[in-house]
Structure formats: C-alpha cells, structure tokens
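Undergrad: I'd like to ask you about the structure that follows.
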C-alpha cells in the first residue's frame, strides 16, 4: 500500500490532464516525443517535461532506436481507487435534489463540446493531409539540398529564429551526432549559417 506522501505525489502527478492523456496514448502503443506532440497537439518541450515527471515515478520507460531516439512506453499501470466515507461522529448530509434544468444545460454543453471536438479532429485530419502535401512539395523543391524529413525538421526548427545547438536535439528528435553531420552539410550548401553559438537559416534562404 502506498504511504501518504507517495499517494499524495501520485495524485498530484495524475491531477494534470495532459499527463493523463500521455499515459492513455502510451497504453495504446509506444511513441516518440514527436508522435505524442503531434497526436495531443502539445509543444515538444511540454511533452518532454511531462515525460520526465512520469519517468521519475517509474510509470514509463523508453528504448533507443537505431537513431538513438527515445521511444517511450508504459512501464507500470496505475490502479487508484478512492473511497469517500463520512468522518467519525459526522452525520451524512442528505443529497441535494437534482435540478433538472441545470442538468439539461450541463448535458447540452457537454454534447456541444463533444461535437466541437469531433469537428476539430476532422479539421485536424485535413490539416495533416495538407502538411503531407506541403512536405512532399518542399522536399521536391529543395531537391539536391533537402535529403529527407530529418533535414526538414532542422529547417523548421531554425525557421523561428536562431537556435543553440543544445536546443536542437529536443526540437528535431535527432541524435547529436546525426544533427552535427546534417547541420555541417546544410551549412556547406549555404542553407544554414552559424553566428557565434547560434544556428539560423542563411539570409539567402530566408528570402
């Protein structure tokens, strides 16, 4: 049985909706950071922070693929049951009568939110298809420069402004050695420039 401090820590951990969503996703299959970020519409940094907390509590683990990317999986299932009972000496209060109009309003709001979510997911599917088409066009337009999606991930990370090398592995999901090689090649081809410790898109490419 969990001690009081351990139980409080676990309840605090599961009190965050996004951490619960991550656990639900990992119950379905192992995922990379980028997959979790895309599926749950969260920034990679937010996902990484949540994963670190879940990993610290040994709820999740990870394996490394051949590109040394972390593939996270559910390590332990949590089955938390909470029983509510009246304190000793206290008289249980009578349940308040159900307010039908208020309940109907809440049900209507819930139904509206569910319908909105379905429409959003349909819209998201359409956006995913547009992203795939745009990705294919980008790779074709950069033929001879952009080798694959890994290069696209690097260019997308740099498109928001200068980035230190240390920030790029998390943003791209690429291991440091591969990232170094790709950045060097893109720099030689004039697509990426280096200023001090910052990598950025070259001026010619930014235009």
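Quick note: the coordinates plus some simple rules give every number you see, no bench work behind them. Here the structure is a predicted model, which means the values were calculated and not measured. Note: ideal-geometry Cβ built from the backbone for every residue, glycine included; neighbour counts use all protein chains shown.
Undergrad: Just to confirm my numbers, what's the Cα centroid distance between the stretch 176-200 and the stretch 112-165 in Å?
TA: The two parts, judged by their Cα centres, are 21 Å apart.
Undergrad: What order, most packed first, do the peptides 52-61, 123-132 have when packing is the mean number of other Cβ atoms within 10 Å of each residue?
TA: The most tightly packed comes first, giving 52-61, 123-132.
Undergrad: Tell me the label-point distance for the pair residue 128, residue 177, using the 7 Å Cα-to-Cβ offset, in nm and rounded to one decimal.
TA: Taking the two extended label points, one gets 3.3 nm.
Undergrad: Right, another one. So if each residue of separation counts as 0.36 nm, and I subtract the Cα-Cα distance between residue 165 and residue 56, what length gain in nm does that give?
TA: 36.7 nm
Undergrad: Also: What is the order of 17, 39, fewest Cβ neighbours within 10 Å to most?
TA: Listed from fewest to most nearby Cβ atoms, that is 17, 39.
Undergrad: Another question, if that's okay. Once fully extended, how much extra length lies between residue 141 and residue 21, figured as 0.36 nm per residue of separation less the alpha-carbon to alpha-carbon distance?
TA: 39.5 nm
Undergrad: Separation between the residue 202 and residue 39 pseudo-spin-labels, each 7 Å from Cα along Cα→Cβ, expressed in nm?
TA: According to this spin-label approximation, the distance is 3.9 nm.
Undergrad: While we're here: Given a Förster radius of 41 Å and the C-beta distance between residue 187 and residue 103 as r, what FRET efficiency does 1/(1 + (r/R0)^6) yield to the nearest 0.05?
TA: 0.05
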